[in-house]
Amino acid sequence: MRLSAYFLPILRDDPKEAEIISHKLMLRAGMIRQEAAGSYSWLPLGFRVLKKIEQIVREEQNRAGAIEVLMPTIQSADLWRKSGRYDAYGKEMLRIKDRHDRDMLFGPTNEEMITDIFRHGAQSYRDLPRNLYHIQWKFRDEVRPRFGVMRGREFLMKDAYSFDLDAEGGRHSYNKMFVSYLRTFARMGLKAIPMRAETGPIGGKDSHEFLILADTGESQVFFDRDFYDMDWTEFSIDYDDAAAVGKLVEDFTSKYAATDDKHEAAEFEKLPADRRLSGRGIEVGHIFFFGSKYSEPLGAVVQGKDGQPVTVLSGSYGIGVSRLVGAIIEASHDEAGIIWPEPVAPFKLALINLKAGDSGTDAACEKIYGALGAKGVEVLYDDTDARPGAKFATMDLIGLPWQVIIGPRGLKDGIAEVKNRRTGERSNVPLTEIVDRFSA
Ligand code: P5A
């Protein structure tokens, strides 16, 4: 992409309405624009990151055996009346009437709808276990939407729903999602610590929230220092091996970690003082097992192996896809701007032409831009006539992992400067080697 033809409305100054760094940087980097309280348009740069995150989530859900569907955002109130949540959900639910005066709502979550879909599509024990998920916009009329996309009213969620015949199967389904979450967040460069949590309006008694540590997080968290020493990268596992999956979950849940509403001071104090850590955390995922809470009132019953009817058991599993964009920035930035982990970066590298209009630098840049593009490397080519200082500031702000800088001076010696955004390390690389350095 050529910057001269792109849409990147950069703000030089800090927007006043933003309280936390990720919100400031997302506005300054031209990633989003606020449309109403807690509601944002995703501009080209932000949209690319959102799609990258969504794709990682999708790949890891598929790997864990979940099957993608897509349900509508607007739901009928009928199923919610059956489950008892139409009244219970309260003011957070955006209620709508259609032209026939029927009660509709903008879905804050989909337990009812998916249970009804499953009920109509599954007849016998052979149709279980199954896990169906979608990645769809939700609306929750939050009392205090704030911090940009971190607590929005309209936000993108991945929500998965499992259906099992018995408690043991239900546990395995829950554990598979647990492990897939460790993998998903690790691929984005995040350590998201699983913590015991309140189940709130979703219900059930078992739930874990996945939190990343950041001073601006909304939850107070307490956890064992040992989490730092765990291996957060090696989660290759056979999802069909219930014992192995269970063992990994056990490793991560046997250490103390809880949000403040589930915190048990007495238990925490049993840890040696130097292992007791507390801080703030951002909830990027939340998984629940609630058994028959929805299948019972909605009549999700299948024929069991012995011919008798069985009410299916369920869990639901959420990831805050749009929240993750902000959360990753909270975890990865410096005073100059965002530092994207490569897997979620909007482009892999910035190609900076220090003297656009100069036939030498233009020709060198065009050649590299064309060759990298042909290899499938995502490049944002700054071919504008802005001053070098402004170009560097913009590229540092938007945080692409690599910068390849080409100016008349280096060109004379046949070299470009390559800068790593995270480490700040710079090196001189022969122009002839640049294209080989990067892969898609
Ligand atoms: C699980 C999937 C649920 O809704 N039902 C379907 C269950 N859980 S949850 O914890 O309420 O939400 C799941 C994740 O969505 C993100 N999230 C939000 N992101 C941005 N703005 C919001 N207002 C918001 N509310 C929830 C969180 O990451 C949460 O873990």
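What follows draws every value from the coordinates through simple rules; no lab data is involved. Everything quoted here is computed from the prediction, not taken from an experiment. Virtual Cβ from ideal backbone geometry, glycine too; neighbours counted across all protein chains shown.
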> When the chain is fully extended, how far beyond the present Cα-Cα distance does Ile67 get from Thr423, taking 0.36 nm per residue of separation?
Replying inline: 124.2 nm
>> I'd like the distance between the alpha-carbon centres of region 312-387 and region 160-188, rounded to an integer number of Å.
In response: 32 Å
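All other residues with a Cβ under 12 Å from the Cβ of Thr311 taken together, and with Lys, Arg as +1 and Asp, Glu as -1, what is their net charge?
Residues close to Thr311 contribute a combined charge of -1.
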>> Can you give me the distance in nm between label points at Asp215 and Glu267, each placed 7 Å from the Cα along the Cα-to-Cβ direction?
In response: 3.0 nm
>> Straight-line reach only, C-alpha to C-alpha below 23 angstrom: list the lysines that Lys82 could link to, leaving out same-chain residues fewer than 8 apart.
In response: Lys91, Lys97, Lys138, Lys205, Lys293
> If each of Asp436 and Glu59 carries a label point 7 Å out from its Cα toward its Cβ, how far apart are those two points in nm?
Replying inline: 2.7 nm
> What residue among Ser236, Ser76, Ser207 shows peak mean-square fluctuation when the chain is described by a Gaussian network model with Cα springs under 10 Å?
Replying inline: Ser236
>> Going Cα to Cα from Lys270, which lysines come in below 21 Å? Please leave out same-chain ones fewer than 8 positions away.
In response: Lys255, Lys262
>> Cross-link candidates for Lys419: which lysines have Cα within less than 27 Å, leaving aside residues fewer than 8 places away along the same chain?
In response: Lys24, Lys51, Lys52, Lys191, Lys348, Lys355, Lys367, Lys375, Lys391
> Which of the peptides 30-36, 2-8 is most tightly packed, and how do the rest follow, going by the mean number of other Cβ atoms within 10 Å of each residue?
Replying inline: 30-36, 2-8
>> Show me the ranking of peptides 285-293, 266-274 by mean Cβ neighbours inside 10 Å, starting with the highest.
In response: 285-293, 266-274
> Rounded, prolate or oblate: which one fits region 255-336, using the alpha carbon gyration tensor with axes a ≥ b ≥ c (rounded when a/c is under 1.5, else prolate when a/b beats b/c, else oblate)?
Replying inline: oblate
>> Tell me the volume per residue, in Å³, of the convex hull enclosing the alpha carbons of the chain.
In response: 170 Å³
> What FRET efficiency would be calculated for the residue pair Arg12, Asp226, taking the C-beta separation as r and a Förster radius of 35 Å, to the nearest 0.05?
Replying inline: 0.20
>> Can you tell me the length gained on complete extension of the stretch Ser254 to Lys82, counting 0.36 nm per residue apart and subtracting the Cα distance?
In response: 58.2 nm
>> Could you identify which residue out of Phe147, Phe392, Phe223 has the top mean-square fluctuation in a GNM of the chain using Cα springs shorter than 10 Å?
In response: Phe392
>> If packing is taken as the average number of other Cβ atoms within 10 Å across a peptide's residues, how do 372-382, 175-185, 343-353, 158-168 rank, most packed first?
In response: 175-185, 343-353, 158-168, 372-382
>> Taking a ≥ b ≥ c as the square roots of the Cα gyration tensor eigenvalues, with a/c under 1.5 meaning rounded and otherwise prolate when a/b beats b/c, else oblate, which class fits region 90-162?
In response: oblate
> Build a GNM of the chain with springs between Cα atoms under 10 Å: which of His172, His100, His23 gets the top mean-square fluctuation?
Replying inline: His100
> Distance in nm between label sites at Asp101 and Ile117, each 7 Å beyond Cα in the beta-carbon direction?
Replying inline: 3.2 nm
